[in-house]
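Chemist: Quick one: this structure, given as structure tokens, is what I'll be asking you about.
The values are calculated or read from the model by the stated rules, or taken from the named source; none is laboratory data. What you see is a predicted model; the values in this text were computed from it and never measured. Heads up, the Cβs are rebuilt from the backbone with ideal geometry, glycines too, and the neighbour counts pull from every protein chain shown. All accessible areas refer to the heavy atoms of the entire protein, side chains included, with ligands and DNA or RNA removed. Shrake-Rupley method; radii C 1.70, N 1.55, O 1.52, S 1.80 Å.
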Amino acid sequence: MKLQSNERGELNILLVPVILLGVLFVAAASFGVWAYTSRQDYKNNSDQKSAAAVEANKKVVQAEDAKTYAEAAKQPLKTYIGAEAYGSLKLTYPKTWSGYVVASDSGGGTPLDAYFNPDVVPNISGRDSTFALRVQILSQSYADALNSYSTYIRQGKATATPYKLPKVPSVVGTRIEGQLTYNKQGSVVVLPVRDKTMKLWIESGTYKADFDNNILPNTSFSP
């Protein structure tokens with residue numbers, strides 16, 4: 001009987017490490033499965049993230065290339081020269097733009113009324129038409145021309161600062177930024193030209209870079 005008891009005890013003692021080994025095996029197998037699954041999930045997500053990053057970078061590069069091409073396509077600039085009677089205005093603008101100019105040798109209230117826009121000039125009679133560039137020679141005093149913006153300046157919707165064209169530094173005018181009309185914002189330069197007034201303006205911030213870099217630096221007239 002004692003021998004049988006010892007055998008059971010030995011069997012019980014041997015059973016403990018077997019169970020522990022089994023538990024460790026199951027744990028190791030579970031960890032292996034978890035590690036493999038995690039690795040595959042990371043790999044898949046990593047591949048997706050890498051592909052998304054490559055695609056995003058591709059779009060950025062394409063946008064930058066398109067912008068560079070669009071800027072290069074504007075050169076060389078076109079030139080418009082107005083009548084000598086109104087200061088022989090010399091105006092340059094991107095060659096990718098079109099112009100529509102209404103000029104009158106007999107004078108009138110607006111001896112020169114010009115519209116410029118990329119590709120095609122919109123309907124000049126359209127109340128909501130927006131142009132890349134407008135240029136006018138007006139048969140009104142410089143003070144009267146400025147007065148048309150006084151309300152917006154008083155309301156803080158526009159700002160006014162002295163301005164000189166780089167090629168005509170002897171003539172001091174005014175540059176106004178902000179609200180130009182009840183439904184348009186932009187930048188306008190108002191300059192006295194002999195007994196008349198010249199206005200150059202943009203009706204959208206989209207064309208501010210062209211206004212500042214291509215148009216104003218190259219515009220000139222005879223004072």
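Chemist: For region 93-102, check the following and say yes or no: at least one residue is under 22 Å from the mean Cα position of the chain (by Cα), open to solvent by 50 Å² or more (accessible area, probe 1.4 Å) and basic (Lys, Arg).
Modeler: Yes, because at least one residue in region 93-102 is under 22 Å from the mean Cα position of the chain (by Cα), open to solvent by 50 Å² or more (accessible area, probe 1.4 Å) and basic (Lys, Arg).
Chemist: Quick check on region 149-184: of everything there that is modelled with pLDDT under 95 and among the polar types (S, T, N, Q), which residue is nearest to the chain's Cα centre (by Cα)?
Modeler: Among those that are modelled with pLDDT under 95 and among the polar types (S, T, N, Q), it is 183.
Chemist: If you don't mind, another one. Go through region 196-223 residue by residue and tally those that are open to solvent by less than 20 Å² (accessible area, probe 1.4 Å) and among the hydroxyl-bearing types (Ser, Thr, Tyr).
Modeler: 2
Chemist: Continuing with the same structure: Would a scan of region 111-124 turn up a residue that is in contact with a helix residue (DSSP H, G or I) (Cβ under 9 Å, 6 or more places away or on another chain), touching a residue at least 60 places away in the same chain (Cβ under 8 Å) and farther than 16 Å from residue 211 by Cβ?
Modeler: Yes.
Chemist: Another one. In this structure, is residue 222 among the polar types (S, T, N, Q) and not in a strand (DSSP E or B)?
Modeler: Criteria met by residue 222.
Chemist: Another question about this same structure. Evaluate the following for residue 85: is it modelled with pLDDT under 95 and not in a loop (DSSP other than H, G, I, E, B)?
Modeler: The answer is yes for residue 85.
Chemist: Could you grab me the full set of residues in region 186-219 that are among the aliphatic types (A, V, I, L, M) and either part of a helix (DSSP H, G or I) or farther than 13 Å from residue 173 by Cα (or both)?
Modeler: Residues satisfying the conditions are 202, 209, 215, 216.
Chemist: I've got another one for you. Residue check, residue 57 against (1) over 25 Å from the mean Cα position of the chain (by Cα); (2) at pLDDT below 90, all met but one. Which one?
Modeler: Against the list (1) over 25 Å from the mean Cα position of the chain (by Cα); (2) at pLDDT below 90, residue 57 comes up short only on (1).
Chemist: Restricting attention to region 125-148, which residues are among the hydroxyl-bearing types (Ser, Thr, Tyr), in contact (Cβ under 8 Å) with a residue 12 or more places away in the chain and in a loop (DSSP other than H, G, I, E, B)?
Modeler: Matches in region 125-148: 130, 139, 141.
Chemist: Any idea which of 168, 172, 188, 193 is more than 28 Å from residue 76 (Cα to Cα) and either among the hydrophobic types (A, V, I, L, M, F, W, C) or surrounded by fewer than 16 Cβ atoms within 10 Å (Cβ to Cβ) (or both)?
Modeler: None of the other options fit; the residue is 172.
Chemist: Tell me which residues, restricted to region 127-148, are open to solvent by less than 70 Å² (accessible area, probe 1.4 Å), under 25 Å from the mean Cα position of the chain (by Cα) and over 18 Å from residue 90 (Cβ atoms).
Modeler: 129, 130, 131, 132
Chemist: Now for a separate question. Out of region 149-165, which residues are part of a loop (DSSP other than H, G, I, E, B) and open to solvent by less than 90 Å² (accessible area, probe 1.4 Å)?
Modeler: Hits for region 149-165 are 149, 156.
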